[in-house]
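Got a structure for you, written out below as structure tokens; questions coming shortly.
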Amino acid sequence: MINVDKLSEFDEAGVAILAQRLEDDDYTTPFDGLDDWHLFRALAIHRPELTRPYLHLVDQEPFDED
């Protein structure tokens with residue numbers, strides 16, 4: 001579970017490392033990548049100033065399922 005304390009520990013360097021892992025997409029299991037993606041998305045919501053350079057990693061575009 002992602003909590004506010006974990007999010008507050010991140011700085012620009014930590015977000016850059018997380019973003020690079022997501023860019024590389026070289027995870028042992030799909031769940032490891034999903035965990036990083038959820039963490040990054042939480043950072044984008046709660047600490048957007050840190051994630052602005054990497055927003056392309058979070059799919060926030062609305063889409064039509066039809």
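What is the residue count in the range 38-48 for residues that are within 12 Å of residue 6 (Cα to Cα), assigned to a helix (DSSP H, G or I) and over 10 Å from the mean Cα position of the chain (by Cα)?
Taking the range 38-48 first, the residues within 12 Å of residue 6 (Cα to Cα) are 39-40, 42-43, 46-47.
Checking which are assigned to a helix (DSSP H, G or I) leaves us with 39-40, 42-43, 46.
Still in the running and over 10 Å from the mean Cα position of the chain (by Cα): 46.
Of the residues in the range 38-48, 1 are within 12 Å of residue 6 (Cα to Cα), assigned to a helix (DSSP H, G or I) and over 10 Å from the mean Cα position of the chain (by Cα).
Hey, can you tell me all the residues within the range 13-30 that are at pLDDT 95 or above and in a helix (DSSP H, G or I)?
Those that are at pLDDT 95 or above and in a helix (DSSP H, G or I): 13, 14, 15, 16, 17, 18, 19, 20, 21, 22, 23, 24.
Can I ask one more? Taking into account only those residues within the range 1-17 that are among the hydrophobic types (A, V, I, L, M, F, W, C) and over 13 Å from the mean Cα position of the chain (by Cα), which is nearest to residue 47 (Cα to Cα)? Before the answer, list the steps.
Here is the first cut: in the range 1-17, the ones among the hydrophobic types (A, V, I, L, M, F, W, C) are 1-2, 4, 7, 10, 13, 15-17.
Then keep just the ones that are over 13 Å from the mean Cα position of the chain (by Cα); that gives 1, 4, 13.
On the way: 1: 17, 4: 10, 13: 14 Å.
Only one residue fits best here, namely 4.
If you take the residues in the range 18-37 that are surrounded by 11 or more Cβ atoms within 10 Å (Cβ to Cβ) and of a type in the set (A, V, I, L, M, F, W, C), which one is nearest to the chain's Cα centre (by Cα)?
Within the range 18-37, the match that is nearest to the chain's Cα centre (by Cα) is 37.
Within the range 1-12, which residues are assigned to a loop (DSSP other than H, G, I, E, B) and among the charged types (D, E, K, R)? Let's see the steps before the verdict.
So in the range 1-12, the residues assigned to a loop (DSSP other than H, G, I, E, B) come out as 1-3, 9-11.
9, 11, listed by residue number.
Limited to the range 49-58, what total is found for residues that are under 21 Å from residue 1 (Cα atoms) and either among the polar types (S, T, N, Q) or modelled with pLDDT under 95 (or both)?
3
The values are calculated or read from the model by the stated rules, or taken from the named source; none is laboratory data. As the structure is a prediction and not an experimental result, all values here were calculated from the model. Backbone-built Cβ (ideal geometry, glycine too); neighbour counts: all protein chains shown.
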